[in-house]
Amino acid sequence: MMKILVATDGSESANRVVEFLAKNAGWYTGPLEVHLLSVQPPLVGVNVKLFLSQEALNDYYRAEGEAALARAKAILGGAGIAFVPHIGVGDPAEVIVQYAESKGCDQIVMGSRGLGAMGNLVVGSVATKVLHLAKVPVLLVK
């Protein structure tokens, strides 16, 4: 069974990645085990915990993560591809790579650019960092 981690931030670019995977799932031999991951950057700046409880922070991360995963879940579900959704918090590239390693994923599939406004010109900063950190193949979809 091929284990694939699909990283999404809910952007149109990320949703095109999921559509690409759904359309081309036949490229992979045998059944797929798809892990759908949205990583929420931690709230930084003023010590947020002075104003919000850990439970409120967790609820915020969960709500943002679910919103980012919603379209991707619909696409995969509509294509009949089983998936396991996950929400992480932290540096997106580091969490993506750590998650892929912890689940024993054979490949990471993600967009070349996401929601970040200040990315690199050709490949976004998260994608670039994942390429450098990952120990498994990374498929970037434009």
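Grab the beta carbon distance between residue 44 and residue 74, set R0 = 30 Å, and tell me the FRET efficiency rounded to 0.05.
Once the sixth-power term is evaluated, E becomes 0.45.
What Kirkwood radius, in Å to one decimal, follows from the Cα pairs of the chain?
15.5
Taking the Cα centre as origin and putting +1 on Lys and Arg beta-carbons and -1 on Asp and Glu beta-carbons, what dipole magnitude results for the chain, to the nearest 20 debye?
Taking the Cα centre of the chain as origin, the dipole is about 320 debye.
Under 10 Å, Cα contacts only: if you run a Gaussian network model on the chain, which one of 68, 14, 22 comes out with the highest mean-square fluctuation?
Looking only at 68, 14, 22, the largest GNM fluctuation is found for 22.
Which whole-number percent is the relative contact order of the chain (Cα, under 8 Å, 6+ apart)?
34
Filter the trypsin sites (Lys or Arg not before Pro) in region 1-49 to those in DSSP coil with at most 16 other Cβ atoms within 10 Å of their Cβ, and list the result.
none
Could you work out how much longer the chain between residue 63 and residue 125 gets when fully extended? Use 0.36 nm per residue separation minus the Cα distance between them, nm to one decimal.
19.9 nm
Which of the lysines could a cross-linker bridge to residue 73, judged by Cα under 29 Å and excluding same-chain residues fewer than eight apart?
List returned: 3, 23, 103, 129, 135, 142.
Bear in mind these aren't lab numbers, they're just calculated from the coordinates by the rules spelled out. Remember, predicted model here, so these are calculated numbers, not experimental data. Please note: Cβ atoms are built from the backbone with ideal geometry, for glycine as well, and neighbour counts cover all protein chains shown.
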